[in-house]
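Notes follow the structure.
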Amino acid sequence: MGRKILAAGNWKMNKTPSEAAALMDELVAKCAGAKNDVLVCPPLVCLPAVIEKAKGTNIKVGAQNFYYKDSGAYTGEVSAAMLKDLGVEYVIIGHSERRDYFKETDEIINLKVKQALANGLIPVLCCGESLGQREDGVTFDFIRMQIKIALRGVSADDVKKIIIAYEPIWAIGTGKVATSEQANEVCADIRCCVKGLYGEEIANDMRILYGGSVNKACAAELFAMSDIDGGLVGGASLKSEDFSIIANA
Ligand code: PEP
């Protein structure tokens with residue numbers, strides 16, 4: 001198993017383009033030579049500035065969203081091809097905020113996964129249960145359903161490119177981190193689900209991140225777990241000092 005840890009930052013709807021450029025100046029300096037792979041996902045309008053700053057550095061750039069159609073009358077949307085042409089390499093798909101606030105279904109997420117892959121973007125596919133689902137004991141069933149639908153029709157060759165992020169909704173932006181054991185057992189079950197769908201080799205090679213209030217204090221313990229291959233980080237990714245510690249955790 002040669003899975004490298006990935007520290008991925010989801011900036012959400014924070015930072016103007018000039019603020020994003022300033023944050024990138026700090027990150028480029030502080031994350032240079034980082035132990036882990038580093039990815040930042042700024043807001044759409046910040047992508048050109050961030051991509052420019054990331055050139056020639058160890059920082060990869062991803063988008064937070066796109067629309068799954070090729071082109072056409074979809075006012076306000078951008079396509080995967082547009083992101084690719086801009087120099088974007090990764091894209092977050094299925095984040096719980098998009099599922100919840102923007103009513104993205106598992107079927108839409110599946111279309112997005114396939115469209116991202118078809119356009120050469122690497123999906124960071126998010127899944128995760130609510131507090132109610134955890135309390136009802138349906139966490140594993142629910143997440144397996146999310147994964148199975150999201151990956152429907154995705155070939156074995158394509159699935160190798162995907163990164164999965166397990167993000168329990170009750171831990172996102174709440175300061176309430178899942179324990180390393182809680183996070184690891186779900187990441188391990190996701191790996192088991194992928195194994196059932198695509199076989200052991202693909203499952204063993206797949207990077208599975210944990211997300212949910214990851215911070216500089218808990219990152220090292222989480223990333224040391226057997227089935228956690230890094231973190232999708234919201235709040236702490238906006239602080240260069242904290243994110244650089246996570247990038248080395
Ligand atoms: C996220 O944005 O995916 C996230 C996990 O946010 P936070 O780290 O702030 O909980």
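Data for the structure
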read-out: Test: residue in region 131-146 that is open to solvent by 40 Å² or more (accessible area, probe 1.4 Å), more than 19 Å from the chain's Cα centre (by Cα), over 22 Å from LEU111 (Cα atoms) and polar (S, T, N, Q); value: yes
read-out: Single residue of region 151-180 satisfying the filter (within 15 Å of the ligand (Cβ to nearest atom) and in contact with a Lys or Arg (Cβ under 8 Å, 6 or more places away or on another chain)) that is modelled with the lowest pLDDT; value: TRP170
read-out: Residue list for region 207-235, filter: closer than 19 Å to ALA63 by Cα and without any contact (Cβ under 8 Å) to a residue 60 or more places away in the chain; value: ILE208, TYR210
read-out: Scan of region 27-61 for residues that are in contact with an Asp or Glu (Cβ under 9 Å, 6 or more places away or on another chain) and within 12 Å of SER237 (Cα to Cα), ordered by number; value: LEU39
read-out: All positions within region 181-213 that are away from the ligand (no atom under 16 Å from the Cβ) and over 15 Å from ILE162 (Cβ atoms); value: GLU181, ASN184, GLU185, ALA188, ASP189, CYS192, GLY196, GLU200
read-out: Of the criteria (1) within 16 Å of the ligand (Cβ to nearest atom); (2) farther than 23 Å from LEU23 by Cβ, which one GLU241 fails; value: (2)
read-out: Residue that is least open to solvent (accessible area, probe 1.4 Å), among those in region 21-39 that are of a type in the set (Gly, Ala, Ser) and over 19 Å from the mean Cα position of the chain (by Cα); value: ALA21
read-out: Qualifying residue in region 96-116 (condition: surrounded by 17 or more Cβ atoms within 10 Å (Cβ to Cβ) and over 20 Å from ILE143 (Cα atoms)); value: yes
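The values are calculated or read from the model by the stated rules, or taken from the named source; none is laboratory data. Model, not experiment: these values are computed from the prediction. Cβ coordinates were reconstructed from backbone atoms using ideal geometry, including for glycine residues, and neighbour counts include every protein chain displayed. Accessible surface is based on the protein model in full, side chains and every heavy atom, while ligands, DNA and RNA are left aside. Shrake-Rupley method; radii C 1.70, N 1.55, O 1.52, S 1.80 Å.
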